[in-house]
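Novice: Pasting a structure below so you can have a look.
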Amino acid sequence: MTPRRARPGPVTLGARAAALLLAVAGLGYTLWRGVHDPGHALAFGALITIGELARWGALPGEREPAPLGAAGALAYALLGRSGGEPTSHGVLQVVAVLAAAQLVASVPQLARGDGPDADQVARRLLTVTFVAVCFQPLYNAGRCERWFGDGPYYAVFLLLLLGLAALCDAVLAALLLRARTLPRGSRAAPAPYGPLLRDELRALTGIGSAVCATGAVMALGVAAAGLWALPVLCVPLLLTQLSFRRFAAVRTTYRQTIASLARSTEIAGYTPHGHARRVAELCTAVGREMGLTGPELTVLEYAALMHDIGQLSLVDPVPDGATALLPAPEQQRIALLGGAVVRQTGVDAKVAIVVERQADPYREQPLSARIVRAVNAYDDLCGESLSGPLGALEQLRLGTGHDYQPQVVESLARVLARGGLTPVPLG
């Protein structure tokens, strides 16, 4: 069962409203007072626009789809000098340039049906505003020069400021993602905040660190050499972006290959249509609910997609592919056959271990195998239970003495509740 799409909650609406107010205030103030240093505003606005137009779709574990645009916006927020001469733009003009660039870039994106994510836009505006508020007043008052001078301490200050902004952005991103997991009006508990925050912090070590470093280097380069430094300093990040595109293509192809292998049981008539996909989606949600992150979730998803592949070795198909209804020895035999098939495909050996262990008593299983076993049984029992999903969930709870870990079953119940299913009260 796939959780339904959540409507914006108070946290999401608050972040979007704050970003909208900042954008309106910045644009209104800049139009009223005029643009200071229009050449710099135009150059950085064009850089941000190009970066937004060159963005890619968000990848699993990757939080920044437009690194060039993000680096350009941060560099403009940290710009105090250009070619040795002081600049005169302030916080609100930084916000105005960023908002205008994102509006311009969104026109062709919306025309091709690939508009920017509203939460991503709000986060970008709030993060860049935070950096500008922390830097511009200090620099314009001359305190940065008195405290740090123009040497290495000044560069360290910029990097520390960007690191603080990245941490605040990660906290906000995790809050927004957590708000998405709970439909408005639901009484179920939202997804745990800790694993979401760990995912966001882990993503900072990827292209997030490259964005912060490039933003600081751009600001320092323009301060020393003027706007001519911008195209030169963009090259490293562009090369990084190309590398991430290739990595994304390889990872997408790898996942599609696994999904195709998983569908082989459906095409051969061994399992119902969509069974592997449903189990994989629920397993990923339950795994995140229980604190799995990053590579552990990837292994869990792949194992869930391929958990029934051992049925291809059977002479007579299991009715409706419901292995959860078979005797334990038969379940274990099919699981071992599936693990052997997975090992032959060249997939990570950790995936094969989860597939092999999915039918063992839960006290002998790794956590990923416990999740796959419970979620697979839930999907199998949904079609067998006269009371539907609620009856299937109740049968899982009755089997927690030996077959299913109670914590996994209750995590599954919370995930299902967020998707609109009201679970049967325990006991």
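The values are calculated or read from the model by the stated rules, or taken from the named source; none is laboratory data. A quick note: this is a predicted structure, and the numbers were derived from the prediction, not measured. Using ideal geometry, Cβ is built from the backbone for each residue, glycine included, and neighbour counts are taken over all protein chains shown. These area figures cover heavy atoms from the full protein model, side chains too; ligands, DNA and RNA do not enter into them. Shrake-Rupley method; radii C 1.70, N 1.55, O 1.52, S 1.80 Å.
Novice: Report Rg/Rh for the chain, rounded to two decimals, where Rg is the Cα radius of gyration and Rh the Kirkwood radius.
Specialist: The Rg/Rh ratio comes out at 1.08.
Novice: Starting from the Cα gyration tensor of region 169-309, multiply each eigenvalue by 5, take the square root, and state the resulting semi-axes largest first in whole Å.
Specialist: Over the Cα atoms of region 169-309, the ellipsoid semi-axes are 39, 23, 11 Å.
Novice: Right, here's the next one. Please compute the contact order of the chain in relative form: average sequence separation of alpha-carbon pairs under 8 Å and at least six residues apart, divided by the residue count, as a percent.
Specialist: The value is 17 percent.
Novice: Would you mind checking which residues have amide H under 5 Å from R81's amide H? H placed 1.01 Å from N; only 5 or more apart, or other chain.
Specialist: Amide H neighbours of R81: T87.
Novice: Right, another one. Between T253 and S88, what is the spin-label point distance in nm, taking each point 7 Å from the Cα along the Cα→C-beta axis?
Specialist: Going from the T253 label point to the S88 one covers 5.5 nm.
Novice: While we're here: Compare the peptides 333-343, 199-209 by average per-residue count of other Cβ atoms within 10 angstrom and give them in order, highest first. List each step's numbers first, then the result.
Specialist: Numbers: 333-343: 20.5, 199-209: 18.2.
Averaged packing, sorted descending, gives the order 333-343, 199-209.
Novice: Using square roots of five times the C-alpha gyration tensor eigenvalues, list the equivalent-ellipsoid semi-axes of region 263-328 in whole Å, biggest first.
Specialist: Taking √(5λ) for each eigenvalue gives 25, 12, 10 Å, largest first.
Novice: Something else now. Measure nothing but the geometry: give the 0 to 90° angle between the long axis through the Cα atoms of 295-305 and the longest principal axis through the Cα atoms of the chain, rounded to 10°.
Specialist: Tilt relative to the chain: about 40 degrees.
Novice: Based on the Kirkwood radius over alpha-carbon pairs, what value in µm²/s does the Stokes-Einstein equation return for the translational diffusion coefficient of region 93-143 at 4 °C and 1.567 mPa s?
Specialist: The calculation lands on 106 µm²/s.
Novice: Okay, next question. Averaging over all projection directions, find the projected area of the Cα convex hull of region 347-406 and quote it in nm² with one decimal place.
Specialist: Details: hull surface 16.6 nm².
Convex hull of Cα atoms, orientation-averaged projection: 4.2 nm².
Novice: Same structure again: Measure out, as a whole number of angstrom, how far apart the alpha-carbon centroids of region 191-234 and region 327-349 sit.
Specialist: Comparing the Cα centres of region 191-234 and region 327-349, I get a distance of 43 Å.
Novice: Ignoring solvent entirely, what values of log10 I(q)/I(0) come out of the Debye formula for region 119-246 at 0.13, 0.20 Å⁻¹ when each Cα is a single scatterer?
Specialist: Each listed q corresponds, in turn, to -0.67, -1.24.
Novice: Let me ask another. Below 8 Å between Cα atoms, with a sequence gap of 6+, how large is the relative contact order for region 296-412 in percent?
Specialist: Averaging sequence separation for qualifying contacts and normalising by length gives 24 percent for region 296-412.
Novice: Taking all protein chains in place and a 1.4 Å probe, what share, in percent, of the accessible surface of the chain do carbon and sulfur account for? Kindly include the intermediate steps, with their values, before the conclusion.
Specialist: Details: 12710 of 19700 Å².
Ligands and nucleic acids excluded, carbon and sulfur reach 65 percent.
Novice: Ok, one more. Report the residues of region 217-256 in range of a label on Q109: point 7 Å along Cα→C-beta, backbone N strictly under 16 Å from it.
Specialist: none
Novice: Same structure, new question: Provide the per residue accessible area, probe 1.4 Å, for the chain, rounded to a whole number of square angstrom.
Specialist: 46 Å²
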